[in-house]
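The values are calculated or read from the model by the stated rules, or taken from the named source; none is laboratory data. Because the structure is predicted, anything quoted here is derived from the model rather than measured. Here the Cβ positions follow ideal geometry from the backbone for every residue, glycine too, while neighbour counts run over all protein chains shown. Surface accessibility is based on the protein's heavy atoms, side chains included, excluding ligands, DNA and RNA. Shrake-Rupley method; radii C 1.70, N 1.55, O 1.52, S 1.80 Å.
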Amino acid sequence: MVTPSPPPAAPASVAPHRRLGVWHAVSVCVGMVIGAGIFKSAPLAAENIPSDFALLAAWAFGGAMSLAGALCFAELAGAFPDPGGDYFFLRKAYGDGAGFLFAWSRFAVIHTGSMAMLAFSFGDYLAEIVDLGVNGSALIGATTIVALAALNLAGLRFGIGMQTLLVVAVIAGLLLVGAAGVRADAPPASPAAAHGPLQIGAGLVYVFLAYGGWSDTATLSAEMRDGDHGIRRALVIGMSLVTGLYLLANWAYVRGLSIDGLAASGAPAADLALLAFGKPGQLAIVAVVAVTSITSMNAILIAGSRTTFAAARDTASLDVLRRWHLDRGTPSRAIVAITLVSLALLAFGAFTRDGFATMVDYLSPVYWLFLTLSGAALIVLRLREPGARRPFRVPGYPVVPLVFIASSVYVFWSSVAYVKVGAVVGVAVLTAGGLLLAALRRSARRK
C-alpha cells in the first residue's frame, strides 16, 4: 500500500486555535450551501416533479435528510475534530486508500465540477441581461476562474468579512424572490403529469445538490470555541435556515411563474423579479447570483487547493503538487492544477450545450458515493472506537444515520440510473483515481 509521508511537526503557533463562535460557523454553513445552485436547480427539479405539492415536499424532504446528515457529521466532528473534516473521517474509518480516493474526487470531480457548474450558472443569469453568444457562459466562466486563480496565486483572498457579506446578500436575494412571489400572479398551470420513481429520483438529484456543502462545516471542528457542541448548533441552525429559505424560494417560483413556467425558465429568480419589480428587480437578482457565484468559486478554490496539497503531502509519490509558496502563503501548484481541470470541464460542458446540467450529472454520482461512505463512517467508528469521547451523540441512533445513508444511496442510484454523458465521465474519472492509487501502491512495494 502507499506509505504516507508524515508531515513535519507544526509548531504550536500554527496549529488551529479555538477562536470561532457558533454564528461564525453558521455563516460558513449557510454560505457554503446557498450557492448559485438554488437559482438554477429549481427548474430542473420541476421538470421531473411536475406538481406544486410534490415539488415543495421534495424540497422539505431534502432539508430533513440534510439535517439528518448534519447530525451525523456533528457527532463525528465532536469526537474526532480535525481540519480535514470528512477527509479525516474517511481515512480513519476505511484507511489511507479511501482518503486518497476522496482527495482525488475532490480535485478531479467534486470541487472542479462545482467550479464549472457555478461558472455556467453565473453566465446563464448574465445572459438574461447581456447577449453572450452561444458559448458566452463558458467564456465568462473561464475568465472568472482565471482571474480568481491569479488572485489566489498572488496571495490575495476574500476574508471572513466577505463571507459574512455574501451570506447577507444571498439571504436578501432569496427574500426578494419570496416578495416577488407574493406580488406576481402565475397563469394557471397544466394538469400535473404522472411521474414514476426514476423521474422523482432525477428531480431529487437537483434538490439534494442545492443542499450540498454543509459537510464542509466539519472542517471548522478544531477551531470552535465550544468544542463539544459548537458544530452541532451551527449545523442545526444553519440547515434549518437554509431549508426555510429554499421552501420560500420554491413557493415563490411556483406562485409567480407556475410549475410549467418554472420548469421552462433558464433563470427563474431573474424572470420572477422582472415580472414582479421590472428591470431593477431583475438586475438585483443577477447581481446576487454574480456575487454568490464568484465568492463560492473562490471559496472552493481556496479549500480545494489545500485539500489537494494535503493529499500530496501525505502521499510520497505526488511531489509535483506539494509546493507551498511561503511568501504568499498559497499552495501554488495545486491552485494551477485545479484551475486547469476546471477550465477543461468548462470546455466539456460547452461541448454538450447544457453546461450546468452536465456538471450536475458529472459530479453527483461521485459526491453521493462519498457522502454515503461518510454517513456509514459514523457507525464504523462507533463499533471500532466505542470508548472515544463523544460530547454529542446522534439522537435515535442507529435509525437516523441509517435513514440518511438510505437517502444518500437513493440519490446516488438516481444519479446513475438515467445514464448521461456527464455521469459516465465522472465515474470514469473516479475509476482513473483508483487506477492511480493501484499504480502508486505498486511503486511503493517496489521501493
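Observations
- Listed by first and then second residue, the pairs linking a residue in segment 98-111 that is more than 21 Å from residue 296 (Cα to Cα) and without any contact (Cβ under 8 Å) to a residue 40 or more places away in the chain to a residue that is surrounded by fewer than 23 Cβ atoms within 10 Å (Cβ to Cβ) and of a type in the set (Asp, Glu), with Cβ atoms under 6 Å apart and 6 or more places separating them unless they lie on different chains, form an empty list.
- Residue in segment 43-50 that is within 20 Å of residue 172 (Cα to Cα) and open to solvent by less than 10 Å² (accessible area, probe 1.4 Å) present: no
- Among the residues of this structure, residue 124 counts as one that is acidic (Asp, Glu), in contact (Cβ under 8 Å) with a residue 60 or more places away in the chain and closer than 30 Å to residue 284 by Cβ.
- Of everything in segment 20-42 that is over 15 Å from residue 212 (Cβ atoms) and in a helix (DSSP H, G or I), the residue that is most open to solvent (accessible area, probe 1.4 Å) is 23.
- Within segment 380-392, residues that are open to solvent by 80 Å² or more (accessible area, probe 1.4 Å) sit with their Cβ atoms under 7 Å from residues that are outside any loop (DSSP other than H, G, I, E, B), at 6+ positions apart or across chains, in these pairs: 389/79.
- Hits in segment 113-156 (condition: of a type in the set (Gly, Ala, Ser), under 27 Å from residue 279 (Cβ atoms) and out of contact with any Lys or Arg (no Cβ under 6 Å at 6 or more places or on another chain)): 119, 123, 127, 133, 136, 137, 138, 141
- Looking at 346, 272, 340, just one residue is at pLDDT 80 or above and open to solvent by 40 Å² or more (accessible area, probe 1.4 Å), and that residue is 340.
- Test: residue in segment 80-90 that is in contact with a Phe, Trp or Tyr (Cβ under 8 Å, 6 or more places away or on another chain), at pLDDT 90 or above and buried (at least 22 other Cβ atoms within 10 Å of the Cβ): yes
- Index of the failed condition, residue 415 passing every other in (1) open to solvent by less than 40 Å² (accessible area, probe 1.4 Å); (2) farther than 19 Å from residue 40 by Cβ: (2)
- Test: residue in segment 79-89 that is within 27 Å of residue 402 (Cα to Cα) and free of Cβ contacts under 8 Å to residues at least 40 places away in the same chain: yes
- Residue in segment 428-436 that is closer than 15 Å to residue 358 by Cα and either modelled with pLDDT of 90 or more or touching a Pro at 6+ places or on another chain (Cβ under 7 Å) (or both) present: yes
- Residues satisfying the stated conditions in segment 91-108, i.e. in contact with a Phe, Trp or Tyr (Cβ under 7 Å, 6 or more places away or on another chain) and buried (at least 24 other Cβ atoms within 10 Å of the Cβ): 99, 102, 103
- Within segment 26-51, the set of residues being among the small types (Gly, Ala, Ser) and over 16 Å from the mean Cα position of the chain (by Cα) comprises 45, 46, 51.
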